[in-house]
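This report refers to the structure that appears directly beneath it.
The values are calculated or read from the model by the stated rules, or taken from the named source; none is laboratory data. All values reported here derive from a predicted model rather than from experimental measurement. Cβ placement follows ideal geometry from the backbone for every residue including glycine, while neighbour counts extend to all protein chains displayed. All accessible areas refer to the heavy atoms of the entire protein, side chains included, with ligands and DNA or RNA removed. Shrake-Rupley method; radii C 1.70, N 1.55, O 1.52, S 1.80 Å.
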Amino acid sequence: MKLTEKQIEVLEILENNSARIPVEDIAKMAELSKEETETILDKLEEMKVLVRYNSVINWSKVDGHEGVTAMIDVKVAPKRGVGFDEVAQRIYRFKEVRSVYLMSGAYDLSVIIEGRSMNEVARFVSEKLSTLDSVLSTTTHFILKKYKHDGTIFEQNEDDKRIVVSP
Amino acid sequence: MNATKSYLSKTVEELKPSGIRRFFDLAAGMEGVISLGVGEPDFITPWSVREAAILSLEQGYTSYTANAGLMELRDEIAGYMQKGFGVSYSPRSEIIVTVGASQALDIALRAILDPGDEVIVVEPSFVSYVPLVALAGGVPVQVQTLKENGFKILPEQLEKVITDRTKAIILCSPNNPTGTMLSGSELEAIAQIAEKYDLLVLSDEIYAELAYDGEYTSFAAISEMKKRTILISGFSKGFAMTGWRLGFVCAPETISQAMLKIHQYAMMCAPTMAQFAALEALKTGRSDVEDMKKSYKRRRNYFVQSLNELGLTCHVPGGAFYAFPSIESTGLSSEEFAEKLLLEEKVAVVPGNIFGESGEGHVRCSYATSMELLQEAIKRIGLFLKRNQKA
């Protein structure tokens with residue numbers, strides 16, 4: 001869909017700043033009034049372009065919330081008429097599933113699962129995912145450490161190295 | 001030994017140390033300072049550029065380059081000037097790669113000045129123009145711009161100070177510290193004066209990449225002006241490469257060959273790994289520059305509007321990354337304002353008088369700082385102003 005320049009600008013501002021940035025500040029940055037900015041945000045939400053205000057959280061730092069993430073390569077047999085869509089739908093409705101992508105290459109679907117423990121993920125794969133009719137095979141990769149996620153580098157030690165006053 | 005003998009040159013003895021120094025010392029020992037005092041990007045040099053420098057080291061490129069710089073880099077600079085600014089320079093005879101724009105400025109002034117020659121410096125100006133003119137044996141003649149004119153120089157102001165000894169004008173657009181950008185027609189008016197009085201123009205275009213509103217015009221691109229322009233630029237600001245110390249200067253052959261003589265004796269050549277980094281920046285860095293520029297522009301919009309709302313009236317700077325608000329509503333001098341703000345609220349800004357008399361009553365704030373810190377700085381400045389408004 002075709003968006004206006006200002007709509008795109010508001011999206012870029014949201015993408016590059018914390019979702020907590022006040023509407024007033026977005027308005028100033030994009031040279032809009034507060035009301036215009038609110039209208040744009042409403043419209044973007046309505047069009048489902050602006051889907052969610054997200055926070056990137058490094059759970060591995062929080063005791064008791066470490067969790068386990070696995071990326072699963074899934075080979076499936078597509079069905080006539082609905083192709084991959086039907087099986088993808090059956091997979092993404094599980095609440096453990098964070099993302100599902102249709103892939104080119106060696107396998108068909110890339111499924112990202114989050115669970116509380118390795119056991120939980122293993123049980124999901126063996127009991128729920130592999131047993132689906134169209135699923136031919138699965139290969140599970142556990143994520144050992146997250147370095148960068150959704151464009152955000154975790155554990156980045158890039159303090160401002162500039163001197164306080166310079167010409 | 002004669003106790004009264006001084007080993008220093010008169011010129012150096014008479015030079016004033018940069019006023020920025022005092023603020024640096026004052027702020028250096030403090031913790032939790034939000035710095036709006038920096039004249040450099042908050043972005044780190046794009047990784048692809050850093051990576052190219054690392055690769056050049058791995059491959060063993062650790063020797064001198066040609067005095068004027070790597071031929072490949074000069075070719076690329078020529079292409080960049082042609083495509084980006086519509087000026088064509090011969091990479092062999094009209095471009096010199098220098099150790100930052102500062103060195104470019106130094107060799108340009110040394111190449112053109114005889115003792116007593118006058119150079120017009122448009123104020124408020126970057127701190128080094130006046131001392132560099134003096135170090136080159138020239139006489140700096142400062143012309144003050146007015147905030148009512150958005151710190152733009154008017155042709156009649158220039159004409160008033162021109163004498164038989166005037167050799168050149170130094171221009172900086174977009175300007176440090178005011179952020180003021182001159183339009184094509186405003187530059188043309190200056191060009192006519194340069195033509196009329198047969199003057200050279202040292203055009204400091206280091207902020208050319210950071211022009212937010214309207215078309216950027218290079219002084220050398222104005223008709224008939226290339227022959228009297230010494231164009232100074234570099235990678236520090238646009239490409240976020242301040243620490244690499246890499247600049248360049250473009251000028252007509254006779255002038256650039258004269259500058260090259262000074263450069264080869266004083267500096268030999270710019271650092272090789274920095275030249276490889278710059279080459280990569282020109283080849284692949286465009287999208288990074290665009291991203292950074294977009295980000296600066298949004299921060300400018302936020303910051304300048306917020307300052308105005310706080311009562312620190314500020315013209316909208318057309319380029320660079322400085323806001324230059326008036327602090328007259330506080331009744332404080334710019335030095336007092338900067339010092340009190342630093343001590344009371346831990347926000348570092350630079351007093352305007354450091355950039356020349358006409359900067360008094362203003363402070364320079366760099367908005368090359370993250371949005372989070374700008375938001376916090378605005379909050380703190382607001383608190384400060386509540387306590388420090390003139391009764």
If you check A:Leu44, A:Leu11, A:Leu32, which single one turns out to be over 19 Å from the mean Cα position of the chain (by Cα), farther than 28 Å from A:Ile143 by Cβ, touching a residue at least 12 places away in the same chain (Cβ under 8 Å) and surrounded by 15 or more Cβ atoms within 10 Å (Cβ to Cβ)?
A:Leu32
Qualifying positions in the range B:293-329 - open to solvent by less than 10 Å² (accessible area, probe 1.4 Å), out of contact with any Leu (no Cβ under 7 Å at 6 or more places or on another chain) and of a type outside the set (Gly, Ala, Ser):
B:Arg300, B:Val304, B:Leu307, B:Leu312, B:Pro317, B:Tyr322, B:Phe324
Counted residues, the range B:347-391 - those being in a loop (DSSP other than H, G, I, E, B), modelled with pLDDT of 95 or more and charged (D, E, K, R):
1
Residue check, B:Glu336 open to solvent by 10 Å² or more (accessible area, probe 1.4 Å), without any contact (Cβ under 8 Å) to a residue 12 or more places away in the chain and of a type in the set (Asp, Glu)
yes
Take B:Gly352 and decide whether it is out of contact with any strand residue (DSSP E or B) (no Cβ under 7 Å at 6 or more places or on another chain) and either open to solvent by 10 Å² or more (accessible area, probe 1.4 Å) or within 14 Å of chain A (Cβ to nearest Cβ) (or both).
no
Please determine, by comparing only the residues of the range B:17-50 that are within 7 Å of chain A (Cβ to nearest Cβ) and of a type in the set (Asp, Glu), which one is surrounded by the fewest Cβ atoms within 10 Å (Cβ to Cβ).
B:Glu40
Answer yes or no as to whether B:Asn2 is modelled with pLDDT under 95 and more than 14 Å from chain A (Cβ to nearest Cβ).
yes
Assess whether B:Thr166 counts as being in contact with an Asp or Glu (Cβ under 7 Å, 6 or more places away or on another chain), open to solvent by less than 10 Å² (accessible area, probe 1.4 Å) and modelled with pLDDT of 95 or more.
no
Which condition from (1) crowded, with 19+ Cβ neighbours inside 10 Å; (2) of a type outside the set (Gly, Ala, Ser); (3) within 13 Å of another protein chain (Cβ to nearest Cβ); (4) in contact with a Gly (Cβ under 8 Å, 6 or more places away or on another chain) is the one that B:Lys346 breaks?
(1)
Those residues of the range A:14-29 which are among the charged types (D, E, K, R), closer than 24 Å to B:Lys293 by Cβ and surrounded by fewer than 16 Cβ atoms within 10 Å (Cβ to Cβ), in sequence order:
A:Glu15, A:Glu24
Take the residues of the range A:134-162 that are of a type in the set (A, V, I, L, M, F, W, C) and touching a strand residue (DSSP E or B) at 6+ places or on another chain (Cβ under 8 Å): which is modelled with the lowest pLDDT?
A:Phe154
Could you list, in sequence order, the residues of the range B:267-292 that are open to solvent by 60 Å² or more (accessible area, probe 1.4 Å), assigned to a helix (DSSP H, G or I) and more than 24 Å from B:Gly319 (Cα to Cα)?
B:Met273
Residue that is most open to solvent (accessible area, probe 1.4 Å), among those in the range A:94-115 that are β-branched (Val, Ile, Thr) and touching a residue at least 40 places away in the same chain (Cβ under 8 Å)
A:Ile112
Does A:Ile91 satisfy the condition of being assigned to a helix (DSSP H, G or I), modelled with pLDDT of 90 or more and open to solvent by less than 70 Å² (accessible area, probe 1.4 Å)?
yes
Specify the residue that is nearest to the other protein chains (Cβ to nearest Cβ); the eligible residues are those in the range B:361-391 that are open to solvent by 50 Å² or more (accessible area, probe 1.4 Å) and touching a strand residue (DSSP E or B) at 6+ places or on another chain (Cβ under 8 Å).
B:Leu373
Here is a check on your reading of the model: is B:Lys152 open to solvent by 40 Å² or more (accessible area, probe 1.4 Å) and within 26 Å of B:His362 (Cα to Cα)?
yes
Of all residues in the range A:11-41 being of a type in the set (Val, Ile, Thr) and either over 14 Å from B:Asn301 (Cβ atoms) or not in a helix (DSSP H, G or I) (or both), which is nearest to the other protein chains (Cβ to nearest Cβ)?
A:Ile21
Selected residue (only one of A:Lys79, A:Lys161 is open to solvent by 50 Å² or more (accessible area, probe 1.4 Å), within 14 Å of chain B (Cβ to nearest Cβ) and among the basic types (Lys, Arg))
A:Lys161
Residue among B:Asp117, B:Asp106 that alone is closer than 26 Å to B:Ala277 by Cβ and either within 14 Å of chain A (Cβ to nearest Cβ) or touching a residue at least 12 places away in the same chain (Cβ under 8 Å) (or both):
B:Asp106
Return yes or no: is A:Ile72 of a type in the set (A, V, I, L, M, F, W, C), modelled with pLDDT of 90 or more, outside any helix (DSSP H, G or I) and over 30 Å from B:Leu373 (Cα atoms)?
yes
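This table checks each residue for (1) charged (D, E, K, R); (2) within 30 Å of B:Trp47 (Cβ to Cβ); (3) within 21 Å of the chain's Cα centre (by Cα).
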residue: A:Arg80; (1), (2), (3): yes, no, no
residue: A:Ala88; (1), (2), (3): no, no, yes
residue: A:Arg93; (1), (2), (3): yes, no, yes
residue: A:Arg98; (1), (2), (3): yes, yes, yes
residue: A:Leu102; (1), (2), (3): no, no, yes
residue: A:Ile113; (1), (2), (3): no, no, yes
residue: A:Val125; (1), (2), (3): no, no, yes
residue: A:Leu132; (1), (2), (3): no, no, no
residue: A:Thr138; (1), (2), (3): no, no, no
